[in-house]
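Asks: Just passing along the structure, written as structure tokens.
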Amino acid sequence: MTHTIDRGIYGNLLAQHQPKVIETEAENEAAILLAESLEHRQRTSEEDALLNLLVILIEKFEETSYSLPNIGSDRILTHLLEAHSMRQEELVGVIGSRSVVSEIINGKRSISKAQAKVLGELFHVSPSLFI
């Protein structure tokens, strides 16, 4: 069901709150506070539209500011080995043979779901890091 928005009321809301592309942590926090205040009350159609706009702006900022770079699972595994003072030889038998471990570490072989689960348990991280 589509709700009709009164342009005058919506325009006043926009003028009052002046939503814009979020560029700083402070702006993000302010937008979150406003969105939360709108979310937890009975809203008009105009307030719904403002809330939807705020959510889009917040998500865009957080996607660009907080997303992890696309790092290969081989680099993640290498980092975890170093962080835990382990050698790749210690993975032999855990996720496969010496050659399998070497191929994974060198980025020549991807990590299977089963291997990701074992590695997640071993390093106490989410298996999704490796997939």
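The values are calculated or read from the model by the stated rules, or taken from the named source; none is laboratory data. Small disclaimer: the values here were computed from a predicted structure and weren't measured. Because the Cβ atoms are built from the backbone with ideal geometry, glycine has one as well, and the counts that use them run over all protein chains shown.
Each row is one residue, and each column tells you yes or no for (1) among the polar types (S, T, N, Q); (2) touching an Asp or Glu at 6+ places or on another chain (Cβ under 8 Å); (3) modelled with pLDDT of 95 or more.
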{"position": "40", "(1), (2), (3)": "no, no, no"}
{"position": "50", "(1), (2), (3)": "no, no, yes"}
{"position": "53", "(1), (2), (3)": "no, no, yes"}
{"position": "61", "(1), (2), (3)": "no, yes, no"}
{"position": "67", "(1), (2), (3)": "yes, no, no"}
{"position": "83", "(1), (2), (3)": "no, no, no"}
{"position": "107", "(1), (2), (3)": "no, yes, no"}
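Asks: Also: When residues of region 15-54 are filtered for being surrounded by fewer than 16 Cβ atoms within 10 Å (Cβ to Cβ), within 29 Å of the chain's Cα centre (by Cα) and part of a helix (DSSP H, G or I), how many remain?
Replies: Going through region 15-54 one residue at a time, the tally reaches 11.
Asks: Would you check if residue 102 is surrounded by 11 or more Cβ atoms within 10 Å (Cβ to Cβ), part of a helix (DSSP H, G or I) and of a type in the set (Ser, Thr, Tyr)?
Replies: For residue 102, the condition - surrounded by 11 or more Cβ atoms within 10 Å (Cβ to Cβ), part of a helix (DSSP H, G or I) and of a type in the set (Ser, Thr, Tyr) - is met.
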